[in-house]
1. Please identify the pairs in which a residue from the range 120-132 that is over 13 Å from R48 (Cα atoms) and touching a residue at least 40 places away in the same chain (Cβ under 8 Å) has its Cβ atom under 7 Å from the Cβ atom of a residue that is surrounded by 12 or more Cβ atoms within 10 Å (Cβ to Cβ) and of a type in the set (D, E, K, R), counting only partners at least 6 apart or on another chain.
2. Where residues in the range 168-213 are touching a helix residue (DSSP H, G or I) at 6+ places or on another chain (Cβ under 8 Å) and within 15 Å of L25 (Cβ to Cβ), which of them is surrounded by the fewest Cβ atoms within 10 Å (Cβ to Cβ)?
3. Out of the range 143-163, which residues are without any contact (Cβ under 8 Å) to a residue 40 or more places away in the chain and polar (S, T, N, Q)?
4. Assess whether D143 counts as being within 24 Å of V214 (Cα to Cα), among the charged types (D, E, K, R) and surrounded by fewer than 18 Cβ atoms within 10 Å (Cβ to Cβ).
5. What are the residue pairs meeting all of these: first residue in the range 59-85, first residue free of Cβ contacts under 8 Å to residues at least 40 places away in the same chain and among the acidic types (D, E), second residue buried (at least 22 other Cβ atoms within 10 Å of the Cβ) and in a loop (DSSP other than H, G, I, E, B), Cβ atoms under 7 Å, and 6 or more apart or on different chains?
6. Restricting to the range 159-186, give me the number of residues that are more than 17 Å from F205 (Cα to Cα) and among the hydroxyl-bearing types (S, T, Y).
7. Can you find, within the range 82-99, the residue that is nearest to the chain's Cα centre (by Cα) among those that are closer than 23 Å to T32 by Cβ and outside any loop (DSSP other than H, G, I, E, B)?
8. Among all residue pairs at least 6 apart or on different chains, which show Cβ distances below 9 Å where the first residue, located in the range 183-210, is closer than 17 Å to A136 by Cα and the second is at pLDDT below 80?
Amino acid sequence: MTTFATMPLRYSADPAAMIRFLTDLGMARVVTAGADNFATLVAGGGGRVMVHSVQGADATVTAGETVLCFATEDSDEAAAHLDGKGVAVDVWDESYGRQAMAAMPSGGAVWINEEMADLYGYEGHAAAPDPDLVVAAILPTEDFDADRAFFQQFGLTSDPGADEWWEGMRSGGGVVGLHRPEEGWAPLTTSDDPRYRFPRIHLGFETSAPLGEVRDRLVAAGHPAEVVSAPEATKVHVTDPDGQVMEIHPVP
C-alpha cells in the first residue's frame with residue numbers, strides 16, 4: 001500500500017541552527033549530511049521536515065522559505081498509484097535514489113522524495129521523536145475544491161469544521177492545511193525549470209501536549225515563544241532561527 005508523509009522543505013541560512021530548533025521542539029534526525037548542513041527529521045505524531053541550506057538551492061528561494069514535498073517508501077509505486085488516479089507524475093534518478101514530481105492544479109510541482117535505501121555517504125540516525133508532535137504544512141490557495149481533490153489522491157482526508165478560510169487535511173503522515181491567502185503570501189517559487197516551481201507554504205505544527213509545556217521547553221532552549229489567545233484559536237507562537245514566526249496548535 002502506497003503511503004505519503006507530509007514533508008515541508010525549509011531553505012535555511014543557518015541549517016545547523018534550524019535543525020537544533022526542530023530537535024528542541026521534539027523532532028528527531030533521521031538522515032543528515034555534512035556538519036548539519038542538511039537533515040531529514042521526523043515527528044512522532046506524523047510528518048517530516050527536510051532542512052536544506054539556501055546556498056546551492058536549485059529553486060529561486062530566499063532564506064526562511066519553505067516549500068511542500070512528500071515522502072514515500074517507493075517513488076515508482078507512488079507514481080503508479082497517482083497516475084492511476086489521474087495525477088500527472090514524472091520520475092527520475094537522483095544520487096540518493098528515485099525522485100518523483102506531481103503536477104498540482106495551481107501549476108506548481110510537489111516533489112515526492114523516496115526514503116533512502118542506501119545512504120550514499122549520508123548519515124542515518126535512530127529516531128526517537130516526541131509522540132505528541134505533528135507536522136503541518138500551511139498552503140495558501142484560492143481554489144479549495146481543486147487542491148482538496150488533489151490531496152485526496154495522496155490519502156489525506158478533511159477535518160470537520162472547515163470554513164472559507166481554513167481546511168485541514170490529514171493522514172497518519174502529517175497535515176496539509178488549505179488557507180485562504182493573506183496579503184504578501186506568494187504561491188510559487190520562480191524557476192525556468194517547471195520541476196522547481198514549488199508551492200510555498202508556512203511551516204507549522206500541532207501537539208497533543210499542553211501548550212504551556214511546549215512554550216516552556218522552547219524558552220528554556222533559548223527560543224522566543226509565547227502562548228497566544230485569539231478568537232479563532234489558542235496557540236504557541238515561536239520565532240525560528242530563520243526569523244519566521246511559527247504557530248503550534250493543539251491537535252484537534
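The values are calculated or read from the model by the stated rules, or taken from the named source; none is laboratory data. Because the structure is predicted, anything quoted here is derived from the model rather than measured. Reconstructed Cβ throughout: ideal geometry from the backbone, glycine too, with neighbour counts over all protein chains shown.
1. H125/R29
2. T207
3. Residues satisfying the conditions are Q152, T157, S158.
4. So D143 fails the test.
5. Every condition considered, no pair remains.
6. Number satisfying all stated conditions: 0.
7. Step by step, filter the range 82-99, then rank; the result is Q99.
8. Pairs that qualify, where the first residue is closer than 17 Å to A136 by Cα and the partner is at pLDDT below 80, are F198/A59; F198/S191; R200/A186.
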